[in-house]
Amino acid sequence: MKVQEIKQLTPTIKSFTFISENTELPSFGAGSHITLHLPMGMRQYSLINNPLDMINEYEIAVKKTGHLESGSTYLHEDIYEGDVVKVSPPDNYFPLQMEGKHHVFFAAGIGITPFWSMMSYLRSLGESFELHYAVSGQDACPFYNEMNERYANQVTYYLMDRDSKTKKLKERLRELKVGTHVYICGPQSYMDFIVTYCRELGYPKKYIHEERFKARKLEHPTRFKVTIVNEKKTIQVNSNQSLLEALHDAGITIPSACRQGICGSCEVKVCNGEVLHNDTFLTANEKTDKMLTCVSRGKGHISIAVE
Ligand code: FES
């Protein structure tokens with residue numbers, strides 16, 4: 001797709017608008033992301049457009065990280081208007097639950113992006129929502145003026161220190177009625193904090209929605225053995241490879257998509273052994289006899305069955 005427009009939204013955030021000159025682009029739902037195929041690998045970014053606008057373009061906002069090899073640095077420094085980038089069609093692991101009467105969004109930093117699309121979508125439909133936005137300052141907020149013009153009564157900023165922020169977030173979470181759909185996107189520690197507190201308050205898991213583009217980081221992955229019972233094979237998974245990769249090397253192909261523990265495509269049945277779950281997809285109940293091979297690992301020796 002062609003990069004039609006690049007805008008500098010803050011000192012570290014740029015928006016990129018992609019168009020296709022020859023074809024009609026697939027439609028998408030609020031909360032969707034696209035996958036860019038960059039020299040350093042595939043990178044997923046939330047769409048910030050209103051899905052109802054139907055303007056045949058995809059728009060993302062990307063924060064430049066400090067890493068020289070990162071996708072965001074590449075986009076910021078090496079991509080110009082008119083360049084062509086391979087883009088996979090939108091997918092959505094973070095859809096709005098439209099049966100909800102009120103939607104509550106918790107964003108931190110660049111985690112605002114999926115909500116920017118969701119808020120304009122809900123506004124178009126006349127639905128009720130509120131945003132709680134933790135950001136380091138006004139100049140770090142990519143849509144600050146528009147946000148205040150359009151959603152003045154629906155946005156609460158959290159510009160204070162960490163302790164005050166935590167206190168205020170907890171207060172709001174305690175006030176919400178059970179049955180409110182809560183959506184979270186931001187750095188891992190922020191997301192973990194909100195999810196853990198919601199669970200402590202008794203929020204059912206199905207009302208807590210998380211957008212994680214990275215699996216939780218496993219500190220020191222170690223090698224382990226896996227017996228694939230229905231293939232009568234035992235293989236070793238080295239510390240630098242995933243179970244999915246080791247199965248593939250052994251000639252056993254498992255479907256996969258995100259490879260980040262968020263879509264569920266690479267699920268296998270666990271027959272025996274201890275699993276270190278590292279995904280954000282399976283429920284606690286499902287984790288008793290299932291695992292996602294792209295991110296989760298075994299301890300010692302485990303047995304699985306593949307379809
Ligand atoms: S490929 Fe998506 S969870 Fe493993």
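Report whether or not residue 58 is closer than 20 Å to residue 109 by Cβ and aromatic (Phe, Trp, Tyr).
On the way: closer than 20 Å to residue 109 by Cβ: no; aromatic (Phe, Trp, Tyr): yes.
No, not satisfied.
Among the criteria (1) in a strand (DSSP E or B); (2) within 15 Å of the ligand (Cβ to nearest atom), the one residue 279 does not fulfil is (1). Among the residues of region 227-235, is there at least one that is within 15 Å of the ligand (Cβ to nearest atom), modelled with pLDDT under 95 and on the phi > 0 side of the Ramachandran plot? Checked against the condition, which is being within 15 Å of the ligand (Cβ to nearest atom), modelled with pLDDT under 95 and on the phi > 0 side of the Ramachandran plot, region 227-235 yields no hits at all. Does residue 207 fit the bill of being under 23 Å from the mean Cα position of the chain (by Cα), closer than 19 Å to residue 104 by Cβ, open to solvent by 20 Å² or more (accessible area, probe 1.4 Å) and among the aromatic types (Phe, Trp, Tyr)? The answer is yes for residue 207.
What strands (runs of 3 or more DSSP E) completely inside region 3-56 contain at least 1 residues that are modelled with pLDDT of 95 or more and open to solvent by 20 Å² or more (accessible area, probe 1.4 Å)?
Details: elements: 13-19, 33-38, 41-46.
Because the criterion is at least 1 residues that are modelled with pLDDT of 95 or more and open to solvent by 20 Å² or more (accessible area, probe 1.4 Å), the strands (runs of 3 or more DSSP E) in region 3-56 that meet it are 13-19.
Annotation: of all residues in region 57-79 being within 20 Å of the chain's Cα centre (by Cα) and assigned to a strand (DSSP E or B), the one that is farthest from residue 175 (Cα to Cα) is 58.
Has region 250-268 got at least one residue that is more than 7 Å from the ligand (Cβ to nearest atom) and modelled with pLDDT under 80?
Of region 250-268, the ones more than 7 Å from the ligand (Cβ to nearest atom) are 250-255, 267-268.
Retained after the next criterion (residues that are modelled with pLDDT under 80): none.
The answer is no, given that none of the residues of region 250-268 is more than 7 Å from the ligand (Cβ to nearest atom) and modelled with pLDDT under 80.
Of the strands (runs of 3 or more DSSP E) contained entirely in region 80-141, those carrying at least 1 residues that are at pLDDT below 95, assigned by TED's automatic domain parsing to the domain that holds residue 24 and under 21 Å from residue 62 (Cβ atoms) fall at 86-91. Scanning region 87-130 for residues that are over 24 Å from residue 71 (Cβ atoms) and among the aliphatic types (A, V, I, L, M) turns up 96, 98, 104, 119, 122, 125.
Residue by residue, here is whether (1) under 30 Å from residue 299 (Cβ atoms); (2) of a type outside the set (S, T, N, Q); (3) open to solvent by 40 Å² or more (accessible area, probe 1.4 Å) holds:
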{"position": "180", "(1), (2), (3)": "no, no, no"}
{"position": "199", "(1), (2), (3)": "yes, yes, yes"}
{"position": "221", "(1), (2), (3)": "yes, yes, yes"}
{"position": "227", "(1), (2), (3)": "yes, no, no"}
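Looking only at residues of region 278-307 that are touching a helix residue (DSSP H, G or I) at 6+ places or on another chain (Cβ under 6 Å) and crowded, with 19+ Cβ neighbours inside 10 Å, we find that the one that is modelled with the highest pLDDT is 293.
The values are calculated or read from the model by the stated rules, or taken from the named source; none is laboratory data. Worth saying up front: this structure is predicted, and the values here are computed from it rather than measured. In this analysis, Cβ positions are derived from the backbone assuming ideal geometry, glycine residues included, and neighbour counts consider all displayed protein chains. When the accessible area is computed, the model is the full protein with side chains, heavy atoms only, and any ligands, DNA or RNA have been set aside. Shrake-Rupley method; radii C 1.70, N 1.55, O 1.52, S 1.80 Å.
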